[in-house]
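The values are calculated or read from the model by the stated rules, or taken from the named source; none is laboratory data. The model shown is predicted, which means the values in this text are computed figures rather than measured ones. Glycine gets a Cβ as well: all are built from the backbone with ideal geometry, and neighbour counts include every protein chain shown.
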Amino acid sequence: MVLHTITFVCALQAFDALLLLQRGGSTLYCGPLGQNAQDLIFYFENLGVDKISPNYNAATWMLENATVLVEEKKNISFSEVFQESDLRR
């Protein structure tokens, strides 16, 4: 299922988990969202992406930070990191 950003913002609270794929089908994240997407936020912040601002929309933040541009800036491959993560195992 593909959710548009506006729909995703509303739906984010309706789901327990998220499968986030990058163009081409590589998995960037597959795991629990946590309350107010805290698990997702914790995961990406620990990879070095910019911290989410207080009261900022978590879905928007994720879509802004789970990009090739951020990967290049941080010199990281989110899909490779996910493949080696505890979430993958």
Response to the item:
Just one listed residue, out of 81, 68, 49, is among the hydrophobic types (A, V, I, L, M, F, W, C) and under 11 Å from the mean Cα position of the chain (by Cα), and it is 49
Discussion item. So for the range 4-23 (the condition being modelled with pLDDT of 95 or more and in a helix (DSSP H, G or I)), does at least one residue qualify?
Written reply: no
Practice prompt. Tally the residues that are surrounded by 14 or more Cβ atoms within 10 Å (Cβ to Cβ) and touching a residue at least 12 places away in the same chain (Cβ under 8 Å), restricting the search to the range 61-75.
Written response: 7
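Filter the range 24-37 down to residues that are over 11 Å from the mean Cα position of the chain (by Cα) and part of a helix (DSSP H, G or I), then give me how many there are.
Result for the range 24-37: 2.
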Worksheet item: Quick one: in the range 34-60, which of the residues that are in contact (Cβ under 8 Å) with a residue 24 or more places away in the chain and small (Gly, Ala, Ser) is nearest to residue 14 (Cα to Cα)?
Response: 37
Response to the item:
Going through the range 38-89 in order, the residues found to be part of a helix (DSSP H, G or I), closer than 23 Å to residue 25 by Cβ and among the small types (Gly, Ala, Ser) are 59, 79
